[in-house]
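J.: This is the structure, below, for whatever I ask next.
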Amino acid sequence: MWNSRLFRAGIGILLFFLIILVGTQISFLFRPLFIIINTLFFPILIAGVFYFVTFPLVDWLQKRKIPRTLSILLLYLFIVGLLVILFFLIGPILHREVEKLLQEAPELIEDVQGLLLALERTEFLARVWEQESFSLDNLAARFSDLIQYSFSLVVDNISSFLEGVANFLIILILVPFILFYMLRDGHRLPDILMEYVPENHAARVRKTLADMYEATSSYIQGLFIVAICVGILAYIGFLIIRLDYPLVLALFAMVTNVIPFLGPFIGAIPAVIVGALNSPVMMLKVVAVVVVVQQIESLVISPQVMGRKLSISPLTIILLIMIAGRLGGLLGMILAVPSYKILKIVVINVYSFIQSSKETS
């Protein structure tokens, strides 16, 4: 029995859960570690995302005989200059639209309630909800209560708001420093890891790391480029149809586009609502713009930028997003696809290694 592989595996699983149980009983010992991880997780994550976006430019400058540290400083100067240009170009427009949106927010809420009530009076929906225990009237009231509760919650939790602002400022300060050292020393990480790998496994481990690096960098770079293109196209389309708040709605569509598969639908909802509040014709125009932008993105931009490097079926993406959304919220939805791809690469390479070991033994 002691030599049984199944028995040893069961003992190992029991020991693993026993360690977890003991760890939960002495969690106070790990509290400082949890605080450190909680403090550094988001700065490192954000810096890592920007690392995969910016390292090609640093490598390109280094190949032009410019020292790597100087290349990073030149990159920082370029980013600062770009932000300044964008601030002067879109800053005033964004300020006007946000100020207008805040001023007209109560009126927009009333218009949304009126739209919901008008929908309730339609013959089709009246039949659908005739036997239901709720109505759109109640839904509109609940929506209004939710908005009012949100505002009161913000006012009543000023301390939490200030804490959030402080955390944001900490992240804003830490990210450039972490990114600097990532860009300066990140390319050495594979060589450092290889020092701890046996020589007979070095080639396979190096290939696995290279595949993981390529998958992550191509996905993040492609996601950034596609999102920016979608934002620009949406802004142009909203300007053409003269939709209210075009820049705010286009920026929202651009940000939500980083969520795989579901992001474009989420990003279109505010624009469609604003169009519907204007007129049915404007709503149809908004839908037409959204459809055209998404067709250009799916048929032209994404294939050219991202290609088929991820090779993940749409059904798998939907399931991943649903599960990751329940487990990790919005962050989980964004990280689901690249995490799955990295895990898939690791599993494939480990399985290939096991198979080759069996063949040689």
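J.: Give the residue from 217, 274, 250 lying farthest towards the positive end of the charge dipole for the stretch 188-282; charges sit on Cβ (+1 for Lys and Arg, -1 for Asp and Glu) and the dipole is referred to the Cα centre.
T.: Farthest towards the positive pole: 274.
J.: Okay, moving on. Which sequence of 201, 95 reflects their accessible areas, 1.4 Å probe, from the largest down?
T.: On the way: 201 60, 95 115 Å².
The ranking, largest first, comes out as 95, 201.
J.: Once you charge only the Cβ atoms, +1 for Lys and Arg and -1 for Asp and Glu, what is the size of the charge dipole of the stretch 191-244 about its Cα centre, to the nearest 20 debye?
T.: Numbers: 4 positive and 6 negative charges, 46 e Å.
The dipole of the stretch 191-244 has a size of about 220 debye.
J.: Continuing with this model, one more query. For the stretch 22-97, report the accessible area per residue in Å² (1.4 Å probe, heavy atoms, rounded to an integer). Could you put the intermediate results ahead of the total?
T.: Working: 5490 Å² over 76 residues.
Accessible area per residue, the stretch 22-97: 72 Å².
J.: For the stretch 1-103, report the convex hull volume of the alpha-carbon atoms normalised per residue, in Å³, without decimals.
T.: Measuring per residue, one finds 274 Å³ for the Cα hull of the stretch 1-103.
J.: If I ignore ligands, DNA and RNA and count only protein heavy atoms, how much of residue 104 is accessible to a 1.4 Å probe, in Å² to the nearest 10?
T.: 60
J.: Could you state the accessible area per residue of the stretch 167-209 in Å², with a 1.4 Å probe and every protein chain left in place?
T.: On the way: 3210 Å² over 43 residues.
Per-residue value: 75 Å².
The values are calculated or read from the model by the stated rules, or taken from the named source; none is laboratory data. For clarity, every value in this text was computed on a predicted model and none was experimentally measured. Cβ coordinates were reconstructed from backbone atoms using ideal geometry, including for glycine residues, and neighbour counts include every protein chain displayed. Ligands, DNA and RNA are stripped out before the accessible areas are found, and what is left, the full protein with its side chains, is counted by its heavy atoms. Shrake-Rupley method; radii C 1.70, N 1.55, O 1.52, S 1.80 Å.
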